[in-house]
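Colleague: I have a structure here, written as structure tokens, and I will follow up with some questions on it.
Derivation of every value follows stated rules applied to the coordinates shown; laboratory data play no part. What you see is a predicted model; the values in this text were computed from it and never measured. All Cβ positions, glycine included, derive from the backbone under ideal geometry; neighbour counts span all protein chains shown.
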Amino acid sequence: MGFVVSILYIVTYYLTPPTIFGPLTEFRVELILAIFVILVSLPKLSGSMIWKTSQSAALIGLMLATFLSVLIGERWVGGAVDAFLGFIPCVFAYFLVCLHCDSKRRLQILVFVLLFVCLFVIAHGYSELMRGVPDSALQNPQYAANSYLLVQQSDTGTTFYRLIGPGQIHDPNDFGQMLVCTIPLVFFFWRPKKNFWNLGLVLSPVSLMLYGTYLTHSRGALLALMAMIVLAVRRRIKLLPALLLAVGMFAGAMALNFTGGRAISTEAGADRTALWSDGLQMLKAHPLFGVGLGGFIDNCDRCGHTAHNSLVVCAAELGSFGLFFWCMFLFLSMRDSLVLASPKKVSESEPVAFEGESFPPSKGKLEDIDKVEINRLGRLLVLSLTGFFVTGWFLSRSYALMLFLQGGMIEVVYEMALRRGMVPSRLRLARTARNSAGLAIALVLLMYVMLRTVNLTH
């Protein structure tokens, strides 16, 4: 029951209650669903692995940071409570995956749900595009709110349409990020020597999602795809040929008007780097708790704009306190996924029994998962994280649900390997804290050096 309700919760989050429940939305069905999810999850908490992961501490710290950022940065108690409640879906995402997606089969179902959401949006956007929608209709606020297309102007002044989803993915860049993060996860369904199976359940959906990514015309999504291609093929054809392949595919994508006629260059991103600089100034002025969650736009000299960089937004809005916990979640997710993907760090072993704990389900046996499969799942999760990090460098999506879903999936696979004695124990909290602080400092310094370099070239 808990797993089914969790899946329904995730679908509702992405497709929005009106899309899922229709007229029942007026009865606050989403709130009822959230309460029900909590109730059915309580029995699973006893002995759960979430008490052993430092990601849980990172999420608690982030929740506290969102509250304090508004309370101190904006001196607004009601806003602080709203910020705290607004961050809860992210916490839910991680905990629900860790509690209920406790097997490879359930992880595959979760991936199938993400795939369904992506294909649902692509189908509706493509249908709308084929019917032909006048620009005047898309510029009507009432129509645009329910549309799957966004009308925009290219650098040459021509009009083009960009694919968007409902709710939290009602932006072409956000939906593009979701697509590139989900594409590697679809390969969870891959079966060696099963050509028809792979064609129907892997290659065909991936092709549709690549087309959907094209329809978003997201420059960040294109760069993420190139980075993922380099990582995916470098083990087979070495790094230099992989880079050349990515450059060739990038040139082909640009020739096919992937970005909708918008350039990718330092000059084209000048406004964006100026916003990054504004974000670092906010961090300098409010170093501890930031300007408040969602307060970047209000404190930016360029009214109506956000930083278009997840690191800068987190640092500016939550300060060094929130940035530390955000980096802790990133560090642990990166570290554990890289361990899973490394043949040298994963060993073959017999299943290890742990008494008094609920993972995996006590009704069944440990799944037959060997070292090769753990490494494969680890590589796919690394690719998915890469998609998030590259797009996140150009998007203000520090708290996107996808990141916390990825973190939960990584920890589930890590727990599978840990149960079988294949991987080392999780890092202690003290060591994690030191590394996370170092990562936060390194990322801020990297951003500062990049901005100084860009300024010197102009």
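Colleague: Using +1 at the C-beta of Lys and Arg and -1 at the C-beta of Asp and Glu, which of LEU338, PHE27, MET49 has the Cα lying farthest in the positive direction of the dipole of the chain?
Modeller: LEU338
Colleague: Sticking with this structure for a sec: Provide the per-residue ³J(HN,Hα) series for the range 5-17, in order, calculated from phi with Karplus coefficients 6.51, -1.76, 1.60 and θ = phi - 60°, each as a whole number of Hz, with x at glycine and proline positions.
Modeller: Running phi through 6.51 cos²θ - 1.76 cosθ + 1.60 with θ = phi - 60° gives 5, 4, 4, 4, 4, 5, 4, 5, 4, 7, 8, 6, x Hz.
Colleague: Another question, if that's okay. Within the chain, which is the longest segment that contains none of the GluC sites (Glu not before Pro) sitting in a DSSP loop with at most 12 other Cβ atoms within 10 Å?
Modeller: Here the longest segment lacking exposed loop sites spans 1-266.
Colleague: What distance in nm separates the two pseudo spin-label positions at TRP393 and LEU243, each 7 Å out from Cα along the beta-carbon direction?
Modeller: Result: 1.4 nm between the two label points.
Colleague: In deg cm²/dmol and to the nearest 500, what is the mean residue ellipticity at 222 nm of the chain if only DSSP H runs of at least 4 residues count, each as -39500 (n - 2.57), divided by the residue total?
Modeller: Helices in the chain give a 222 nm mean residue ellipticity of -22000 deg cm²/dmol.
Colleague: Still on this structure, please answer the following. Using a Förster distance of 22 angstrom, determine the FRET efficiency expected from the C-beta separation of ARG452 and ARG272, and round it to 0.05. Can you show the working numbers first?
Modeller: On the way: r = 16 Å, r/R0 = 0.72.
Using R0 = 22 Å, I get an efficiency of 0.90.
Colleague: Taking H placed 1.01 Å from N in the peptide plane, check which residues at least 5 places from HIS170 or on another chain put their amide H under 5 Å from its amide H.
Modeller: Sorted by chain and number, the residues that satisfy this are GLY165.
Colleague: In the range 1-76, what chymotrypsin sites (Phe, Trp or Tyr not before Pro) fall in a loop by DSSP, with at most 15 other Cβ atoms inside 10 Å?
Modeller: Sites meeting the loop and neighbour criteria: TRP76.
Colleague: Continuing with this model, one more query. Multiply the residue separation of ILE109 and MET1 by 0.36 nm, subtract the distance between their alpha-carbon atoms, and state the gained length in nm to one decimal.
Modeller: 37.5 nm
Colleague: What share of Cα pairs, in percent, lie more than 20 angstrom apart in the range 381-444?
Modeller: 45 percent
Colleague: Here is a further query. Please give the length that would be gained between THR159 and ASN195 if that part of the chain were fully extended, namely 0.36 nm times their separation in residues minus their C-alpha to C-alpha distance (nm, one decimal).
Modeller: 8.9 nm
Colleague: Any chance you could list P(r) for the range 177-228, counting all Cα-Cα pairs in 10 angstrom bins from zero, rounded to whole %?
Modeller: The percentages, shortest bin first, are 26, 49, 22, 3.
Colleague: Near the amide H of LEU149, under 5 Å away, which other amide H atoms are found, from residues 5 or more places off or on another chain, if H is placed in the peptide plane?
Modeller: The list, which skips near neighbours in sequence, is ILE164.
Colleague: Another question, if that's okay. Taking the Cα centre of the chain as the origin, how large is its charge dipole in debye, to the nearest 20, when only Lys and Arg (+1) and Asp and Glu (-1) carry charge on their Cβ atoms?
Modeller: Dipole size: approximately 1600 debye.
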